[in-house]
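The values are calculated or read from the model by the stated rules, or taken from the named source; none is laboratory data. Since the structure is predicted, the reported quantities are computational estimates derived from the model, not experimental observations. Cβ coordinates were reconstructed from backbone atoms using ideal geometry, including for glycine residues, and neighbour counts include every protein chain displayed. The accessibility values were calculated without ligands, DNA or RNA, using every heavy atom of the protein model including side chains. Shrake-Rupley method; radii C 1.70, N 1.55, O 1.52, S 1.80 Å.
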Amino acid sequence: MSRIGTAGFVNKSLKANELTAKKKYGQNFLIDQNILNHIVDAAEVTKKDAVIEIGPGLGSLTEVLCERAGFVLAYEIDPDLLKPLKENLIGFLNYKIIHQDILKANLLSDINLYLKEYENIYVVANLPYYITTPVILGLLSQNSRIKRYVMMMQLEVADRICGKPKTKEYNALSIMVQYKATATKVLKVPRTVFVPAPNVDSAVVRLDVYDTPPLKAKDEACFYEVLRVCFTQRRKTLYNNLILSYEKEFIHQMLMDLSIPPTVRAETLPVSEFIRISDYLTQNK
Ligand code: SAM
C-alpha cells in the first residue's frame, strides 16, 4: 500500500529535509493516490516492463511504479531531493535514480546499460511543465525503444498534442507528435491534487508510438522545417507563410502541382498533406 502520495507525507518529507518546492524545477508534487494509480493503470505496466520516469521528486509515482514494473529508471535534476527520494523508496531494489537533467541525458546509452533485457520500455511521468514540449519532441525524435508514454502535463498542452485538424488546438506540436504516435487524453486533473497547487489544470496523455508509422516523410528534417514555416503565423494562409521562406513562383507551382488551394490555412490540413509538401520540397528544391 502506498504512503508517499499524500499531502501529509509530502509536507512532512519537505519539512524533515528543510526543503520547499522549487518553482524553477516545476515542482508540484502529486498527492492523490487514486490519480497516481490511474496514471500507472493507463500505462498498463507489468512486471515484464521497464519504465523511465522523468522527475521522481519525492517518489510518490516512483513507488507505485516500483510496485508494478520490472524496473524503474528515473532522472531527477534536483540534488536536494535525492536523499529523501531514496529514503522514501527504502525496501525497493528494482530502481535506479540518475541525477541528471533529462534534456541532457543520453537515453539510448542508458537504455542499453540498464534496460537491455526489457522488451517493453514505457515513459511514465508527472512532467515538470516548463520542459514538456522539448522533453516529448526530444524523446520521440530519438527513435529509441520506448513504445508508450503516459504523462501528466498542462491541460492546454495536452489539448494541443491530441488536437485534430480544423480545431483551435491543432498546431505544429499536434502534427509532430501524431506523426510518431497515436495520442489520447486519458484524464483531466484539477490543480487541487498537487502540493503546491499550480496555476493551471492538468491532464494525463497517453502516446502509443507506431511500430511502423502509417505515413513517412522522405526527409524528416525537411518535414519538421515545413511545419515550422507553415505555422509561423497562424492567421496567415499557407501560401503567405511558405513564401516567407521559399520563392513565390516555386510555392505557387508547388501548390498547383499538389492541388492544394493557396488560400487554405495550415490548421485545416491533416498530417498527410504536410508530408506531401515536404516530399515535394525534398524532390524539387
Ligand atoms: N513525480 C513527482 C510527483 O509526481 O509528485 C514530482 C513531479 S514534479 C511536477 C516534477 C519533477 O521533475 C520534480 O521532482 C523536479 O525536480 C523534476 N525536474 C525538473 N526539471 C527536470 C529536468 N530537466 N530533468 C529531470 N528532472 C527534472
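A compact table of results
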quantity: Lysine pairs in the stretch 1-60 with Cα atoms under 30 Å, if 8 or more residues apart or on separate chains; calculated: 5
quantity: Cα-based Rg of the chain normalised by 2.2 N^0.38 Å, two decimals; calculated: 1.12
quantity: Solvent-accessible area, 1.4 Å probe, carbon plus sulfur percent, for the chain; calculated: 53
quantity: Share antiparallel - DSSP beta bridges, the chain, percent rounded to 5; calculated: 45
quantity: Distant alpha-carbon pairs in the stretch 31-161 (separation over 24 angstrom), percent; calculated: 21
quantity: Net charge of Cβ neighbours under 15 Å - reference THR232; Lys, Arg +1; Asp, Glu -1; calculated: +3
quantity: For ALA217, net neighbour charge (Lys/Arg +1, Asp/Glu -1) across residues whose Cβ lies under 13 Å away; calculated: -1
quantity: Whole-Hz ³J(HN,Hα) from phi, Karplus 6.51 cos²θ - 1.76 cosθ + 1.60, for the stretch 21-30, glycine and proline x; calculated: 4, 9, 4, 5, 9, x, 7, 10, 7, 7
quantity: Straight-distance crosslink candidates among aspartates and glutamates, where the alpha carbon sits under 13 Å from LYS166 and sequence neighbours closer than 8 are dropped; calculated: GLU267
